[in-house]
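The values are calculated or read from the model by the stated rules, or taken from the named source; none is laboratory data. Only a predicted model underlies this, so the values are computations on that prediction, with no experimental measurement involved. All Cβ positions, even for glycine, are placed from backbone atoms using ideal geometry, and neighbour counts span all protein chains on display.
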């Protein structure tokens, strides 16, 4: 044995060759934490001093190669001063450089994921062979940082500046064929031949068939571009990437700037530029918040796994109510969940609409090359339309997705129950109506649960699983597991009007209503809130959701929380829009007008009549500065988030924040509602809220929030 550690070992194979095996003993995956990097450094040193070696093969004993760095260590690392920070980073670089500088050829056999540091160790090798299930990439900019183990130095020297900018700034995972096309991997072979093929390549390199020394030197020298070519390439890339990433996400542009600044330098000098760029990004709030989102996502998965541990397997599902939502749920069940689904409605036209929605979504996958026509036909055939309740008898779970009306839902649910097995779970896709209230229509309320999907179903990652007063643990577990099977992120919430996400959303809308009642320009409000980081402002969001939907849901919410959501005036702009039949995108006029562009997509157009309506409603127009607009919108939302936590709707700030990120598109770079208020400081937040005390409870922080503010307490420890 050349080297033996707890996370990797190296031994001689076939006499003159060495195999370094990555095999972390305390985890199911390989990742680079500080301990593993130290062992890797020790192993590289042992290999360098081992006499008589002709080549090194690097493999993994896990299902994946290396998934990346240990992100749980990032936040602690980010707090370090520049001296110790850079010292640690240089130590890591010396390990990868030591591997690259070995005076023997090196080949890496990539099975499964090789992301971030996992790809960077592969880039330090001379050759790379991938299995068919491999996924490779440098996703660091998703976390607000840039590659830190030599990625911005080696990749452009291997595949060119343009491709490297796309790989690093785009932060995508690439399949092996695409990686081979760009030159990141040298060959793709079957899994059962991966090690043998990699070893064969290593022997050929050692025998001089392939010039491995030239490869090393190419990565260690300057980029082969003259000044004009470099300027054109990098400046073009920066412009395109800046436009796509937006002002709130600086890491993609920083990565290109680092590559540009280092392009005429040799490896070690280029890495100095990379390390400084990595440090600069690590010290941003954006990086801390995005890493926090990643860690919260991992925590949420653990919570969901616990909720779903006693689930009954869903072999057949049912959707009651076709149309866009029902069709979207059926599509998700068939395409991602690989679960047959029976879709019922009362008229053939509705079934055709639902099937059409599923067919349209599958067709897009075919167009993008994700599936072929045969797979589309197979998945579409998994959706069985029916007009009869009798066909629902074999379903393990049935999701009701009809109109958002309590009386109609109760009537339909009561009828549905008579046709289902006693052990089948019945779920409602209601967005606001109490699950406990709806369960009154059922003889077995213990098997009834809320399963709230967000629209569009295929894009929105969140599903709220709502526990009514009598809902059983088994019903929750089965629904959670089914949501996960469909590729969704389930959050289990306790029952109340609006549940978690909509309960927090409607105070945000109420703040918008107050602004309009004071004569605010809805277009400016949208621009300010989009500048804050929301994917769309409240006026545009209202049009997308549907003014009629917001109006009806708003009535439910106002009845549920009259002390803060009952109208502060006789009428709101949503009421007025609804009365005038301006429902938003669904009938081409709401706060904005909508026309089809050349590609057949709805284009938003400012409608002057909306200003006339606001003037009449408010008695004139008024201008508000950006911070006043943000305060009106965000203060009630954050206070309601705190109420949800204090009322036990969910148990942790993590669940609230991830619900808002996944369900509403809360700006990820801000980390979530509680991370945002932690950054402001609860004392400053409560002081700002005092300015709006005249609006009552909507803007009144809870007693718990005030106590936390007084003691300097935060919602998060990191």
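A quick yes/no check of all residues on (1) within 14 Å of residue 413 (Cβ to Cβ); (2) at pLDDT 95 or above; (3) in contact with a strand residue (DSSP E or B) (Cβ under 9 Å, 6 or more places away or on another chain); (4) surrounded by fewer than 24 Cβ atoms within 10 Å (Cβ to Cβ):
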residue	(1), (2), (3), (4)
445	yes, yes, no, yes
458	no, no, no, yes
464	no, yes, yes, no
482	no, yes, yes, no
### Task
Would you check if residue 399 is assigned to a strand (DSSP E or B), closer than 19 Å to residue 315 by Cβ, touching a helix residue (DSSP H, G or I) at 6+ places or on another chain (Cβ under 9 Å) and assigned by TED's automatic domain parsing to the domain that holds residue 349?
yes
### Task
Might you check whether a residue that is in contact with a helix residue (DSSP H, G or I) (Cβ under 8 Å, 6 or more places away or on another chain), modelled with pLDDT of 95 or more and part of a helix (DSSP H, G or I) occurs anywhere in the stretch 56-64?
no
### Message
For the stretch 209-222, which positions are closer than 27 Å to residue 270 by Cα and part of a loop (DSSP other than H, G, I, E, B)?
### Response
210, 211, 221, 222
### Query
Is the stretch 56-78 home to any residue that is buried (at least 16 other Cβ atoms within 10 Å of the Cβ), assigned by TED's automatic domain parsing to the domain that holds residue 8 and more than 32 Å from the chain's Cα centre (by Cα)?
yes
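A quick yes/no check of all residues on (1) assigned to a helix (DSSP H, G or I); (2) touching a strand residue (DSSP E or B) at 6+ places or on another chain (Cβ under 9 Å); (3) under 27 Å from residue 301 (Cα atoms):
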position: 490; (1), (2), (3): no, yes, yes
position: 497; (1), (2), (3): no, no, yes
position: 502; (1), (2), (3): yes, yes, yes
position: 513; (1), (2), (3): yes, no, no
position: 523; (1), (2), (3): yes, yes, no
position: 530; (1), (2), (3): yes, no, no
position: 534; (1), (2), (3): no, no, yes
position: 543; (1), (2), (3): yes, yes, no
### Query
Only one of 208, 183 is under 31 Å from the mean Cα position of the chain (by Cα), surrounded by fewer than 14 Cβ atoms within 10 Å (Cβ to Cβ), under 29 Å from residue 94 (Cα atoms) and in the same structural domain as residue 57 (by TED's automatic domain parsing); which?
183
### Query
Among the candidates 300, 295, 225, which residue alone is in a loop (DSSP other than H, G, I, E, B), out of contact with any strand residue (DSSP E or B) (no Cβ under 6 Å at 6 or more places or on another chain) and either surrounded by 15 or more Cβ atoms within 10 Å (Cβ to Cβ) or on the phi > 0 side of the Ramachandran plot (or both)?
225
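Per-residue answers, yes or no, for (1) touching a residue at least 40 places away in the same chain (Cβ under 8 Å); (2) within 30 Å of residue 16 (Cβ to Cβ):
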{"position": "35", "(1), (2)": "no, no"}
{"position": "39", "(1), (2)": "no, yes"}
{"position": "58", "(1), (2)": "yes, yes"}
{"position": "72", "(1), (2)": "yes, no"}
{"position": "79", "(1), (2)": "no, no"}
### Query
Give me the pairs: first residue in the stretch 696-708 and assigned by TED's automatic domain parsing to the domain that holds residue 509 and crowded, with 21+ Cβ neighbours inside 10 Å, second residue at pLDDT below 95 and assigned to a helix (DSSP H, G or I), beta-carbon distance under 8 Å, and six or more apart or on different chains, which are they?
698/564; 698/565; 699/693
### Task
Would you check which residues across the stretch 566-592 are at pLDDT 95 or above, out of contact with any strand residue (DSSP E or B) (no Cβ under 7 Å at 6 or more places or on another chain) and in a loop (DSSP other than H, G, I, E, B) and list them?
580, 581, 583, 591
### Message
Yes or no: the stretch 410-419 includes at least one residue that is under 21 Å from residue 339 (Cβ atoms) and buried (at least 16 other Cβ atoms within 10 Å of the Cβ).
### Response
yes
### Query
How about the stretch 131-144: which of its residues are touching a helix residue (DSSP H, G or I) at 6+ places or on another chain (Cβ under 6 Å) and either free of Cβ contacts under 8 Å to residues at least 60 places away in the same chain or not assigned by TED's automatic domain parsing to the domain that holds residue 177 (or both)?
136, 138
### Query
Could you say whether any residue in the stretch 81-104 is over 18 Å from residue 40 (Cβ atoms) and buried (at least 20 other Cβ atoms within 10 Å of the Cβ)?
no
### Residue count, the stretch 353-371 (criterion: outside any loop (DSSP other than H, G, I, E, B) and either within 13 Å of residue 341 (Cα to Cα) or under 26 Å from the mean Cα position of the chain (by Cα) (or both))
13
### Query
Any residue at all in the stretch 263-282 that is buried (at least 17 other Cβ atoms within 10 Å of the Cβ), under 18 Å from the mean Cα position of the chain (by Cα), under 30 Å from residue 91 (Cα atoms) and touching a residue at least 60 places away in the same chain (Cβ under 8 Å)?
no
### Task
Pull up the stretch 589-618, narrow it to residues that are under 20 Å from residue 518 (Cα atoms) and free of Cβ contacts under 8 Å to residues at least 60 places away in the same chain, then point me to the one that is surrounded by the most Cβ atoms within 10 Å (Cβ to Cβ).
590
### Summary
Taking the stretch 372-389 and keeping residues surrounded by 17 or more Cβ atoms within 10 Å (Cβ to Cβ) and either under 15 Å from residue 336 (Cβ atoms) or not assigned by TED's automatic domain parsing to the domain that holds residue 348 (or both) leaves 376, 379, 380, 382, 383
### Message
I need the full set of residues from the stretch 154-208 which are under 21 Å from residue 21 (Cα atoms), out of contact with any strand residue (DSSP E or B) (no Cβ under 7 Å at 6 or more places or on another chain) and in a loop (DSSP other than H, G, I, E, B), in order please.
### Response
190
